[in-house]
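Below is one structure, written out as structure tokens, with a few remarks after it.
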Amino acid sequence: MDNQLELIAKSYDKAIDLGRKGINLYKDLPEYITNAPDYPKYKMEMEVGSGGSECKEIKDYLLPDTNMKFIDLGCALNFMFKGYNQWPSIYHGVDISVKTIQLLNEFVAEKKLLIPRICVSHS
């Protein structure tokens, strides 16, 4: 299991390195993905913002307010890309990718945001 997590972390790190070079890994997906029966639904949900953690129903369910703390396990980039940085609650991010955490720390510093903790965990 540890080896599997290490491979996943390395793939995230590689995706961030490529993204910093301007390479969009989602632009030209292979046909075995785009021809999958569920791909059109996934694509539509991503385009309208209803298929991931940015989903309105998730925010409505969680009702983040200033007295709440949230821990985001395994997808710390939600803070950047899914609008968690706009929630009034306190955010804690944990991810297995060192470069994900570095990118998140850069985002936090650039935006002058205060978040109590973002860290890498391999176990």
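Give the calculated FRET efficiency between Ile71 and Ile23 to the nearest 0.05, with a Förster radius of 30 Å applied to their Cβ-Cβ distance.
0.45
Among the listed pairs Lys21/Lys59; Lys27/Lys112; Lys10/Lys43, which are separated by more than 27 Å between their Cα atoms?
The pairs that break the limit, which is 27 Å between Cα atoms, are Lys21/Lys59; Lys27/Lys112.
Under a 5 Å amide H to amide H cut-off, with H placed in plane at 1.01 Å, what residues pair with Tyr91 once short-range neighbours are removed?
Close amide H contacts, sequence-distant or interchain: Phe70.
With the cut-off at 1.5 for a/c, could you classify the range 2-120 from its C-alpha gyration tensor as rounded, prolate or oblate?
oblate
For the range 2-120, give the magnitude of the charge dipole about the Cα centre (Cβ charges: +1 Lys/Arg, -1 Asp/Glu; no others), in debye to the nearest 20.
In debye, rounded to 20, the range 2-120 gives about 340.
Bear in mind that the values in this text are calculations on the coordinates, not laboratory data. As the structure is a prediction and not an experimental result, all values here were calculated from the model. Every residue, glycine as well, gets a Cβ built from its backbone with ideal geometry; the counts of neighbours run over all protein chains shown.
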